[in-house]
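Report on the following structure.
Only the coordinates and a few stated rules stand behind these numbers; no lab work does. Model, not experiment: these values are computed from the prediction. Using ideal geometry, Cβ is built from the backbone for each residue, glycine included, and neighbour counts are taken over all protein chains shown.
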């Protein structure tokens, strides 16, 4: 029966807006969602009878398939020196030269660059970019999520840019931006971040010794963040995790399956906190993450003036249908955040968590939440305050249409495609 149902689900082609009910669970009609994993949809039943222990990964890896051919590239100076590389040895030679000189572009010819130690960006204004602009064909690959290499890339100086590359398989972060070194103006464009043991893009911060110094003015645009197994390896994961960061913009990107398999909830797919301020998170799509977007956090720390100040969360689509995720939670949360604006977001949660948007703790004040469409509550926790205006409900059918339109706008062909 199970194999028969698997064939039925994997072979089914859904029309936009269609809704099928099986065993009390809804299946949304979207071609771009790709095949379903039957085990995931019976997990909750197993959990009820004590059979479920830990979420199992997909039987085979699944990627997000997106068309990057028309994407704009990062801007580079004609005055910068440059070098073309086609293998790992040439890459290390070029990086050594770039770190000595700065103002340097490394063009990567299509291929897989296998890296067994951290790539340190030490000089100012270094750019890594694929020649083709196709991140599926230009891959910087570490030693694996349990391989012990640490970070894949560590950025130690400002004005670093990277474009048109897949970054994958790191035991710490795929990229760490050293905010404690005052690293500013980093740009991540047309990048696929996939499979790191910890947060994929980390902006670090030394609040104890250098609270006045942070990594600011970053850009994340037209990127993909995902776990190819459909689940993270542990709970200490996230997409963009930025401490102390100010004036960043995260836009037009996809975040998929940043979800914990056991023990505790994962971190947010995008999270700015601990003296963070004036960040913008807009026009992104979030699929099956434990929590999509967070600003601030309910922690106390010396030298922390505020958990988060200002910032905007707007025009994002948050959809969660994977009922096997054991810690599926809210869509958007602001915690001890001051003056944040949350507007024009669409949120549909198939699990039972009661709040789509929550504003938490009494330090949360002057927050404006308006014109959002959700199928769960927009409400306070722990005495948080916010001004609510014109928020409304949304049906699954309407959410299907909205999500499909946005996927087309971002040139996404399939959210769960077989690896290339």
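Could you calculate the FRET efficiency of residue 110 with residue 263 from 1/(1 + (r/R0)^6), where r is the beta carbon distance between them and R0 is 51 Å, rounded to 0.05? Before the final figure, lay out the partial values.
Details: r = 39 Å, r/R0 = 0.77.
The formula returns an efficiency of 0.80 here.
Cα gyration tensor of segment 251-325, axes a ≥ b ≥ c as square roots of the eigenvalues: rounded (a/c below 1.5), prolate (a/b > b/c) or oblate?
Details: a/c = 3.47, a/b = 1.35, b/c = 2.56.
It comes out oblate by the Cα gyration axes.
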Inter-part gap, Cα centre of segment 385-410 to Cα centre of segment 161-177, in whole angstrom, is 31 Å
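Using a ≥ b ≥ c from the Cα gyration tensor of segment 299-344 (square roots of the eigenvalues), is it rounded, prolate or oblate, where a/c under 1.5 gives rounded and otherwise the larger of a/b and b/c decides, a/b for prolate?
Details: a/c = 4.89, a/b = 1.52, b/c = 3.21.
It comes out oblate by the Cα gyration axes.
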Taking max minus min of the Cα coordinates of segment 62-418 on each principal axis, largest first, gives extents in Å of 55, 46, 39
The distance between the Cα centres of segment 256-295 and segment 336-384, in whole Å, is 14 Å
Each label sits 7 Å from Cα toward the beta-carbon; between residue 146 and residue 100 the label points are separated, in nm, by 4.1 nm
Rounded to one decimal in nm, the spacing of the 7 Å Cα→Cβ label points at residue 79 and residue 392 is 5.3 nm
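Quote to one decimal, in nm, the extra length available between residue 182 and residue 351 on full extension: 0.36 nm per residue of separation minus the C-alpha distance between them. Could the numbers behind the result be given before it?
Values: separation 169, 0.36 × 169 = 60.84 nm, distance 4.08 nm.
Contour length minus Cα-Cα distance gives 56.8 nm.
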Here, residue 402 and residue 131, labelled 7 Å along Cα→Cβ, have an inter-label distance in nm of 4.4 nm
Between residue 70 and residue 305, Cβ-based FRET efficiency (R0 56 Å, step 0.05) works out to 0.85
Residue-normalised 222 nm signal for the chain, counting each DSSP H run of n ≥ 4 as -39,500 (n - 2.57), nearest 500 deg cm²/dmol, is -3500 deg cm²/dmol
Segment 62-418: relative contact order from alpha carbon pairs under 8 Å, six or more residues apart, as a whole percent, is 11 percent
